[in-house]
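The values are calculated or read from the model by the stated rules, or taken from the named source; none is laboratory data. No experiment lies behind these values; they were computed from the predicted model shown. We place every Cβ from the backbone using ideal geometry, glycine too, and count neighbours over all the protein chains shown.
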Amino acid sequence: MAAAMPAEANPKKEAAMKNRTILAAFAALYLVSSAAFGLDDAAREALMKKSNCFKCHSVDKKKDGPAYKEVAAKLKGKADAEQTLYTHLTTHPKVKVDGKEEEHDSLKTKDDADIKAVIAWILSR
Ligand code: HEC
């Protein structure tokens, strides 16, 4: 008998199903938007902190490395700006820190969208 009961005879179950559908819709939306636009600000900053990026760089002051604003200004309007930074941040190029050569840190992620989100952020300083 229970199986033949129409859905509206069990309002609790129906509400639970609706909630689940709404949750699933939000989850899908979140996945789509994070793939399309990369990391949100907090996640991008956490990734950069974890990868030591602020040890040698700041947004507007020169440290061991150039300020992100300086990098953005240098690459502004260049068609290959994004590619330049992508190569820089994925291939461990040699850079001079305090007169000594060392390998530049790469971002601690394997996710291309995350790398591109950091690059877009740097280029828009
Ligand atoms: C140990 C110090 C150090 C760390 C850590 C470091 N960088 Fe750098 N970075 C440098 C130096 C030095 C340069 C300058 C290289 C040059 O001009 O030859 C540089 C250059 C850059 C540039 C400019 C590249 C270009 O082609 O003009 C960007 C962008 C950059 N770093 C981003 C980052 C990010 C993002 C991180 C974190 C993954 C990071 N850096 C971590 C020292 C560092």
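Whenever a residue of region 85-113 is without any contact (Cβ under 8 Å) to a residue 12 or more places away in the chain, its partners that are surrounded by 14 or more Cβ atoms within 10 Å (Cβ to Cβ), lying with C-beta atoms within less than 8 angstrom and at least six residues away or across chains, give the pairs P93/H104; K94/H104; E101/V95; E102/V95; E103/V95. Taking each residue of region 61-78 that is acidic (D, E) and looking for partners that are in a loop (DSSP other than H, G, I, E, B) with beta-carbon atoms closer than 9 Å, six or more apart or interchain, yields D64/H57; D64/D98; E70/D60; E70/K62; E70/R125.
More than 7 Å from the ligand (Cβ to nearest atom), touching a Leu at 6+ places or on another chain (Cβ under 6 Å) and of a type in the set (G, A, S): does that describe A79? Explain how you work it out, then say what you get.
Details: more than 7 Å from the ligand (Cβ to nearest atom): yes; touching a Leu at 6+ places or on another chain (Cβ under 6 Å): no; of a type in the set (G, A, S): yes.
So A79 fails the test.
When region 98-110 is filtered for residues that are surrounded by 14 or more Cβ atoms within 10 Å (Cβ to Cβ) and of a type outside the set (S, T, N, Q), the ones remaining, listed by number, are H104, D105, L107. Candidates in region 35-54 are the residues that are away from the ligand (no atom under 11 Å from the Cβ) and not small (G, A, S); of these, the one that is surrounded by the most Cβ atoms within 10 Å (Cβ to Cβ) is L39. In region 55-73, of all residues being within 8 Å of the ligand (Cβ to nearest atom) and not in a loop (DSSP other than H, G, I, E, B), the one that is surrounded by the most Cβ atoms within 10 Å (Cβ to Cβ) corresponds to Y68.
Looking at L107, is it near the ligand (Cβ under 10 Å from one of its atoms), of a type outside the set (G, A, S), in a helix (DSSP H, G or I) and modelled with pLDDT of 95 or more? Before you say what the answer is, go through the steps one by one.
Values: near the ligand (Cβ under 10 Å from one of its atoms): yes; of a type outside the set (G, A, S): yes; in a helix (DSSP H, G or I): no; modelled with pLDDT of 95 or more: yes.
Considered against the rule, which asks whether it is near the ligand (Cβ under 10 Å from one of its atoms), of a type outside the set (G, A, S), in a helix (DSSP H, G or I) and modelled with pLDDT of 95 or more, L107 comes out as no.
Please work out if L123 is under 21 Å from the mean Cα position of the chain (by Cα) and within 8 Å of the ligand (Cβ to nearest atom). Let's see the steps before the verdict.
On the way: under 21 Å from the mean Cα position of the chain (by Cα): yes; within 8 Å of the ligand (Cβ to nearest atom): no.
The answer is no for L123.
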